[in-house]
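Values quoted throughout were computed directly from the atomic coordinates according to the rules given, and no laboratory measurement underlies them. From a predicted model like this one, the values you see are computed outputs, not experimental measurements. Glycine also receives a Cβ, built like all others from the backbone with ideal geometry; neighbour counts cover every protein chain displayed.
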Amino acid sequence: MQKSVARAASAARHVTASIGATALQVQFEAEPVARHYIRPVENVVVPISRNLQLVELTERTCKWPNGDPLSEDFSFCGNDAGETGPYCKYHARVAFQPAAERRRSR
């Protein structure tokens, strides 16, 4: 009988359990976050739109929409877009932001 008692005593091990809020505590190491490049503030000149209608647009006019497309006073920027794309220089800067800036603004 002593063998069974000794065996039962050795089988019952003491396990230290976490108590309270430390039971679910996550342990991690923080890594420093790299600083993002911040573009310097520039003086921005917003061009005055020529307010062209759809039929007045050409290959060289800015096609940036102004207003609600369902309203009667809807128009397009109409400034010179050059050969670089569908927008003038100002609207191209607004439309095409570098990928790093898009991620930062989210």
Least to most buried among Lys89, Lys63, by other C-beta atoms within 10 Å and fewest first, runs Lys89, Lys63
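Which shape class applies to region 54-105: rounded if a/c is under 1.5, otherwise prolate when a/b exceeds b/c and oblate if not, where a ≥ b ≥ c are the square roots of the Cα gyration tensor eigenvalues?
Oblate.
Please list 43-54, 70-81 highest first by mean number of surrounding beta-carbon atoms within 10 Å per residue. Don't jump to the answer; show the numbers that get you there.
On the way: 43-54: 11.4, 70-81: 15.1.
Highest mean packing first, the order is 70-81, 43-54.
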Modelled FRET efficiency - R0 30 Å, Asp68 with Ala92, Cβ distances, 0.05 increments | 0.85
Given H placed on each backbone N at 1.01 Å, which residues far from Ser75 in sequence or on other chains put an amide H within less than 5 Å of it?
-> Asn66
